[in-house]
Amino acid sequence: MFRSVKSFLILLLMGSLGAKSTAQENLPIYLNEAKPIEQRIEDALSRMTLEEKVAMVHAQSKFSSPGVPRLGIPENWMTDGPHGIRAEVFWDKWDQAGWTNDSCIAFPALTCLAASWNKDMSALYGKVIGEEARYRNKNVLLGPGVNIYRTPLNGRNFEYMGEDPFLASRMVVPYIQGVQANGVAACVKHFALNNQEIDRHKVNVTVDDRTLYEIYLPAFKAAVQEGKAWAIMGAYNRYKGQWACQNQFLLNDILRGEWKFDGVVVSDWGGVNDTKQAIYHGLDMEFGSWTDGLTMGASNAYDNYYLANPFLKLLRSGEVKEEELNKKVRNILRLVFRTNMNTKRPYGSFGTAEHASAGRKIAEEGIVLLKNNNNTLPINFSKAKKIAVIGENAIKVMTVGGGSSSLKAKYEISPLDGIKNRIGKEAEVVFARGYVGEKSKAQDGLSTGQNLADNRSADQLIKEAVDLAKTADFVVFVGGLNKNDGQDSEGNDRKSLGLPYSQDKLISALAKANKNLAVVMISGNAVAMPWVNEVPSIVQGWYLGTEAGNALASVLVGDVNPSGKLPFTFPAKLDDNGAHKLGVYPGNGEQTYNEGIFVGYRWADKHGTKPLFSFGHGLSYTSFEYGKVIANKKDLAEDGKITFSVEVKNTGKREGQEIVQLYINDVKSSVPRPVKELKAFEKVSLKAGETKTVKFTIDKTALSFFDAAKHDWVAEPGDFRALVGASSADIRQSIGFRLK
Ligand code: BGC
């Protein structure tokens, strides 16, 4: 009996499999997922008319492009990116459409993710934001961004992963993989050299090849070759005189030629400026142009896009060969097959508690404790019975604003509410504004709903805050920048390194009023801190999204031991940054990167300037001791590997995580090289008293520089040093070795 039931089941299974495979065999090749993707692409292409193909290479609305309904090929729907899924907008307007079911989980800004130095956090970020995008039926997420932090004034630094190409490369790969596991393409942006917002639509960047390959390209290359990104977004700016979205050098020579990118190149919104170059220079999809061929600001101008009727005309006249169009359509079909037409992709989920807690976890791993004299933090609220929270950023909604990354969040916990949630029962929490930044904030028709109007003078506000601070046992100041134009916001840069709204004066006054003070900076950028020696503790809090306040509170009271480290240098003054020292920034439509490879800590090292806070710096509530670094051999063979080991011990009283960093120093070189460059890192968790051995294995790629004349990476035989430390300015151990 058992045998017969079993055989019956097997027969049934075979029958259903057989039926399935016959059904699949009867499908046209392009719909048959069992066939190789390239074959499906050619099949689909062969069925399409010229007009259907041209329709696919440009937008039909603000964020979508047509499919081929006749063939059952769906539309492409894109969404910003990179910190959450943007609210739905009208078909042809930037304004939000007023849907009631599009409130997302806002995740921490990418600077915070980079500050976690934790690849698992990056994978988690990709997974959850990918699930949100998938649920909202988007097949392209416009992010992550990996433009290098060249100047602290860049208004969009908060959307990127810091100043170091190695750190950004390691952190971008898992994000992409996590997103794409959902059948959603990550669209890595903005390729390339989009390092300032001032003049972003016209600035022409001149940079030598070595700097381009060593500093500005590696994260994109890792995204393409290791992350296997399915999409990339061209930048607004120009390089070698050509706009980046239609750039022979960047798109054809490097991206497709050298890196063998097989995904789709999407223009930045309005980044296309010329039909012929858009046709021949590697772009696949045109989005966001404002053109009727003559003017700016036309609505429903889609037929007049550079890659719409003007392209069709050239094709019909035979001036441009259909193969040029086919190249683009192949890439778009590949995108569609990988995403929308993958019947096995998961369904996603949106606005869930699980996503919110993932965001909180990432936030907690990215918050950086910059300074903590006399163990001022964590707040001991069994002693601190009255806590004064001061500062506008303690109450301000931060997910709205900043440009295209602005979000309609399901909810956002402010720092004040986070602190109250956590200790409101045990301690009295009082608040004073301290300064007034802006009264209200709206972006794309979406307002924070906050009216922060306050007509008092700066002095009145400071007085109120100081009087309150004097009555408290502990003061938490929450300030920094915000998402206003001219601060951490797209479209413009900051005017200075300094804090706005008289905050410097306020912080100094608070420091005098109460010695138990924690300064929490909410920003995506370095700021000047003329009061740095007056305050005992400083926390870098970033933009943390939905769970912002809860994450901050957990660090402030010590539920979470801070473990983030800075992904960029805080220069003591603007002049300590190469682009500023050399006076080239912001240029006037022309920008020459005269500082070359000496970006961030590479500049500080070269000139011996002491940053306010160094790249890789971050403290913990416990302490770590580094043992001697040892190597498994003395000489590294050309094609070999070498492993460095170091024991790290938690010498404090509580569990914590340390980010152990390996930098390489080329002792003697035929070309100028940075004093050291980050080549490996590991975040390790250690219980009180515990010791772990951290191992770093490198090969000669970690020793190489880009030789522009050879157009290749070169590692010169000779002496090198491996430097192991807790930050770029805190090298604890080193050891010499040779490349044979
Ligand atoms: C930004 C992109 C963004 C696009 C769509 C552009 O202005 O530069 O990063 O993805 O708009 O919103």
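LEU50 meets each of the listed conditions (1) closer than 21 Å to TRP269 by Cβ; (2) modelled with pLDDT of 95 or more apart from (1). Candidates in segment 594-608 are the residues that are in a loop (DSSP other than H, G, I, E, B) and of a type outside the set (Asp, Glu); of these, the one that is surrounded by the most Cβ atoms within 10 Å (Cβ to Cβ) is GLY600. A single member of LYS483, LYS505 is basic (Lys, Arg), under 30 Å from THR151 (Cβ atoms) and within 16 Å of the ligand (Cβ to nearest atom), and it is LYS483. If only residues of segment 51-66 that are surrounded by 20 or more Cβ atoms within 10 Å (Cβ to Cβ) and part of a loop (DSSP other than H, G, I, E, B) are counted, the one that is nearest to the ligand (Cβ to nearest atom) is PHE63. Filtering segment 528-555 to residues that are surrounded by fewer than 24 Cβ atoms within 10 Å (Cβ to Cβ), of a type in the set (Ser, Thr, Tyr) and touching an Asp or Glu at 6+ places or on another chain (Cβ under 7 Å) leaves only SER554. Filter segment 448-494 down to residues that are at positive phi and in a loop (DSSP other than H, G, I, E, B), then give me how many there are. Residues meeting the conditions: 3.
Output yes when any residue across segment 620-634 is part of a helix (DSSP H, G or I), modelled with pLDDT of 95 or more and under 25 Å from the mean Cα position of the chain (by Cα), and no when none is.
No - not one qualifying residue is present in segment 620-634.
Looking across segment 255-279 at every residue that is hydrophobic (A, V, I, L, M, F, W, C) and buried (at least 23 other Cβ atoms within 10 Å of the Cβ), the one that is farthest from the ligand (Cβ to nearest atom) is identified as ILE279.
The single condition from (1) away from the ligand (no atom under 16 Å from the Cβ); (2) surrounded by fewer than 16 Cβ atoms within 10 Å (Cβ to Cβ); (3) free of Cβ contacts under 8 Å to residues at least 60 places away in the same chain; (4) more than 25 Å from PRO174 (Cα to Cα) that ALA353 fails is (4). Looking for something in a helix (DSSP H, G or I) and within 17 Å of GLU590 (Cβ to Cβ) - is there at least one such residue anywhere in segment 235-244? For segment 235-244, residues in a helix (DSSP H, G or I) and within 17 Å of GLU590 (Cβ to Cβ): present.
Every residue, every condition in (1) over 26 Å from TYR30 (Cα atoms); (2) more than 30 Å from the chain's Cα centre (by Cα); (3) among the aromatic types (Phe, Trp, Tyr), yes or no:
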| site | (1), (2), (3) |
| --- | --- |
| GLY270 | yes, no, no |
| ASP274 | yes, no, no |
| GLN277 | yes, no, no |
| GLU286 | no, no, no |
| TYR305 | yes, no, yes |
| LYS321 | no, yes, no |
| LYS328 | no, no, no |
| VAL336 | no, no, no |
| ASN340 | no, no, no |
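Criterion applied to PHE158, PHE191 was being touching a helix residue (DSSP H, G or I) at 6+ places or on another chain (Cβ under 6 Å), more than 27 Å from ASP575 (Cα to Cα) and within 14 Å of the ligand (Cβ to nearest atom), and the one residue passing it is PHE191. Is it the case, given these coordinates, that ILE522 is buried (at least 24 other Cβ atoms within 10 Å of the Cβ) and either free of Cβ contacts under 8 Å to residues at least 60 places away in the same chain or within 16 Å of the ligand (Cβ to nearest atom) (or both)? Criteria not met by ILE522. The number of residues in segment 701-726 being surrounded by fewer than 20 Cβ atoms within 10 Å (Cβ to Cβ) and touching a residue at least 12 places away in the same chain (Cβ under 8 Å) comes to 11.
Conditions tested, residue by residue: (1) assigned by TED's automatic domain parsing to the domain that holds GLN540; (2) within 16 Å of the chain's Cα centre (by Cα); (3) more than 30 Å from ARG338 (Cα to Cα).
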{"site": "GLU163", "(1), (2), (3)": "no, yes, yes"}
{"site": "MET171", "(1), (2), (3)": "no, yes, no"}
{"site": "PRO174", "(1), (2), (3)": "no, yes, no"}
{"site": "ASN182", "(1), (2), (3)": "no, no, no"}
{"site": "CYS187", "(1), (2), (3)": "no, yes, no"}
{"site": "GLN196", "(1), (2), (3)": "no, yes, yes"}
{"site": "ARG210", "(1), (2), (3)": "no, no, yes"}
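Looking at this structure, is VAL560 free of Cβ contacts under 8 Å to residues at least 60 places away in the same chain, assigned to a loop (DSSP other than H, G, I, E, B) and of a type in the set (Val, Ile, Thr)?
For VAL560, the condition - free of Cβ contacts under 8 Å to residues at least 60 places away in the same chain, assigned to a loop (DSSP other than H, G, I, E, B) and of a type in the set (Val, Ile, Thr) - is not met.
For segment 182-192, which positions are under 15 Å from GLU490 (Cα atoms) and not charged (D, E, K, R)? Residue satisfying the conditions is HIS190 alone.
Could we say that TYR621 is more than 21 Å from TYR663 (Cβ to Cβ) and hydroxyl-bearing (Ser, Thr, Tyr) here? It is true that TYR621 is more than 21 Å from TYR663 (Cβ to Cβ) and hydroxyl-bearing (Ser, Thr, Tyr). A single entry from LYS328, LYS361, LYS396, LYS385 fulfils the requirement of being within 30 Å of ASP730 (Cα to Cα) and in contact (Cβ under 8 Å) with a residue 60 or more places away in the chain: LYS361. With respect to the conditions (1) under 30 Å from TYR30 (Cβ atoms); (2) not in a helix (DSSP H, G or I), THR100 lacks only one, and its number is (1). Filtering segment 416-463 to residues that are basic (Lys, Arg) and touching a Lys or Arg at 6+ places or on another chain (Cβ under 8 Å) leaves only LYS441. The set of residues in segment 227-254 being under 23 Å from MET78 (Cα atoms) and either surrounded by fewer than 24 Cβ atoms within 10 Å (Cβ to Cβ) or within 15 Å of the ligand (Cβ to nearest atom) (or both) consists of LYS228, ALA229, ALA231, ILE232, MET233, GLY234, ALA235, TYR236, ASN237, TRP243, ALA244, CYS245. The set of residues in segment 133-155 being more than 16 Å from the ligand (Cβ to nearest atom) and not in a loop (DSSP other than H, G, I, E, B) consists of ARG134, TYR135.
Quick one: is GLU426 assigned by TED's automatic domain parsing to the domain that holds GLN450 and touching a Phe, Trp or Tyr at 6+ places or on another chain (Cβ under 9 Å)? When the stated conditions are applied, GLU426 passes them.
Would you please name the residue that is nearest to LYS328 (Cα to Cα), looking only at residues in segment 67-95 that are outside any strand (DSSP E or B) and more than 16 Å from the ligand (Cβ to nearest atom)? That would be GLY67.
The values are calculated or read from the model by the stated rules, or taken from the named source; none is laboratory data. This one's a predicted model, so the numbers in the text were calculated from it and none came from an experiment. Cβ coordinates were reconstructed from backbone atoms using ideal geometry, including for glycine residues, and neighbour counts include every protein chain displayed.
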